[in-house]
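The values are calculated or read from the model by the stated rules, or taken from the named source; none is laboratory data. Just so it is clear, the structure is predicted and the values come from calculations on it, not from any experiment. Quick reminder, even Gly has a Cβ in these numbers, built from the backbone with ideal geometry, and neighbours come from all protein chains shown. Quick note on the areas: whole protein, heavy atoms, side chains included, nothing else; ligands and nucleic acids left out. Shrake-Rupley method; radii C 1.70, N 1.55, O 1.52, S 1.80 Å.
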Amino acid sequence: MAIIDFTGHASGLDANEYDGTSGTFSTPSAIKYDGSAGYVGMASPTTTAVGYGFLDSWGTDGTHVAANAPTLYISFWFKYSIKPTVGDEPILRSQNSGGNQKFEVRIDSNGKLFGYNSAGTLVASGTTILSANTWYRLDVKIGTSSTVGAYELKINGTTEWSGTTNTTGANNYQLRVGKAVNRNGNTVTFYYDNIVLDDAGYQENIYSTLTLLPEANGSTMSWTSGTGLSDYTQVYDIPPGDTTYVASAGGTANQIAYFALSNRPSNISTNNVILAVKLIVRVRETTGTPTTAFVTRLVSGATTYSTAPKDMSGVVQPSGILLTTDPNTGAAWTWAAIDALQVGGIETTNNSMRITTVTVEVLYAPRILASVQDSVSVIDAPTY
């Protein structure tokens, strides 16, 4: 495997970007790590309260499942505006399937980062002082072993600390970002952006994310019983809203709703490498609690990629697909393939369903070309 989940917060809805949240955690509109306007993850609990979002992976039926990674590599951008005044508080915590701590990264009152093992024992002490309101690229590695579980922290690409310790013998099940546990009763405000979970290695590139929304109906649109025009305009909200929707009429099985996406913005070069694509369809049963079997779909070229059928509920919930390669070719995604995508779903029973929002998030990074690197000598040439 490789990338198992990511979020750039671009949809602006924590229920879209995370498996769930607890306490004071949100995705407000703010300045992103690259200086652009957008949405970020924010944990802002006061005193003894907590605030965190949790991430894991995606199952074959489109629902969230355990990451189940023997070694978890987390790459993300982090900053704080309020740090602890006494002791320290966690900014990141990995848990195993029993809900027990595997490893925790904490920030202290000086702005330094520390590592604590599964027993809550301090095993790694940082020396770098993080400044307030400054974005830092952090990479964290958490292995699995009751004796020699590997751990590591990098700050802006430089290793701050590493080693082995007791991280329990159970795999990384779930990652929590924010103040997941109250340690010392501190009021804090932490910010997160572009979080990538991988079970093979760090995302070493300076990567970014892009969210694409429906801009037209797709090749098939049978869901015509929703609000307004009952078309793509009802499902392209940023941040996502669940008051407008398209709906299948009911009474007929296998009704399909496909949407065509907006193209890549012109300022994003086709030289950028696409690392992963994530489709999220927010869906619910229209009335009551019938037995439904909703299938989330992504159509690339001649290939239709589908989740397994899922019995949804009367509450809106996300159904997702994450792919690191194009199912139509088996190779890396291209921007041409992204531009031509159709996404949506099908209700295989004759019960009525609603789709409230459709978003596609693209994780990408610049392509580093040897000719570009070599051009440095050309720049220097006039001084000779």
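Assorted remarks:
- Filter pass, A332 being closer than 26 Å to Q203 by Cα and modelled with pLDDT of 95 or more: yes
- For N171, the conditions (1) at pLDDT 95 or above; (2) over 30 Å from Q95 (Cα atoms); (3) out of contact with any Phe, Trp or Tyr (no Cβ under 9 Å at 6 or more places or on another chain); (4) not aliphatic (A, V, I, L, M) are fulfilled apart from (2).
- Count - residues of the range 179-216 that are closer than 23 Å to N263 by Cβ, among the aliphatic types (A, V, I, L, M) and under 17 Å from the mean Cα position of the chain (by Cα): 3
- Qualifying residue in the range 270-286 (condition: within 22 Å of the chain's Cα centre (by Cα), farther than 26 Å from M312 by Cβ and among the basic types (K, R)): no
- Filtered by the rule that a residue be in contact with a His (Cβ under 8 Å, 6 or more places away or on another chain) and farther than 14 Å from F78 by Cα, the range 191-208 gives no residues.
- Residue check, T325 of a type in the set (V, I, T), under 19 Å from S222 (Cβ atoms) and either assigned to a helix (DSSP H, G or I) or at pLDDT 95 or above (or both): no
- Test: residue in the range 88-96 that is in a loop (DSSP other than H, G, I, E, B) and either in contact with a helix residue (DSSP H, G or I) (Cβ under 9 Å, 6 or more places away or on another chain) or within 18 Å of N184 (Cα to Cα) (or both): no
- Members of the range 123-166 that are more than 24 Å from G51 (Cβ to Cβ) and of a type in the set (V, I, T): V123, T127, T128, T144, T147, V148, T158, T159, T164, T165
- D108 being within 27 Å of T7 (Cβ to Cβ), at pLDDT 95 or above and touching a Ser or Thr at 6+ places or on another chain (Cβ under 8 Å): no
- Those residues of the range 27-49 which are surrounded by fewer than 19 Cβ atoms within 10 Å (Cβ to Cβ) and farther than 28 Å from N267 by Cβ, in sequence order: T46, T47, T48, A49
- Count of residues meeting criterion [surrounded by 16 or more Cβ atoms within 10 Å (Cβ to Cβ) and more than 23 Å from I268 (Cα to Cα)] in the range 329-347: 4
- Looking across G8, G23, one residue alone is touching a strand residue (DSSP E or B) at 6+ places or on another chain (Cβ under 6 Å) and open to solvent by 40 Å² or more (accessible area, probe 1.4 Å). It is G23.
- In the range 204-242, the qualifying residues are those that are under 13 Å from I355 (Cβ atoms) and of a type in the set (S, T, N, Q), and the one that is most open to solvent (accessible area, probe 1.4 Å) is T224.
- Qualifying residue in the range 150-166 (condition: at pLDDT 95 or above, within 25 Å of the chain's Cα centre (by Cα) and over 21 Å from E204 (Cα atoms)): no
- The criterion of being touching a residue at least 12 places away in the same chain (Cβ under 8 Å), out of contact with any strand residue (DSSP E or B) (no Cβ under 8 Å at 6 or more places or on another chain) and over 22 Å from T189 (Cα atoms) holds for A119.
- The set of residues in the range 328-345 that are over 11 Å from V283 (Cβ atoms) and in a strand (DSSP E or B) comprises Q342, V343.
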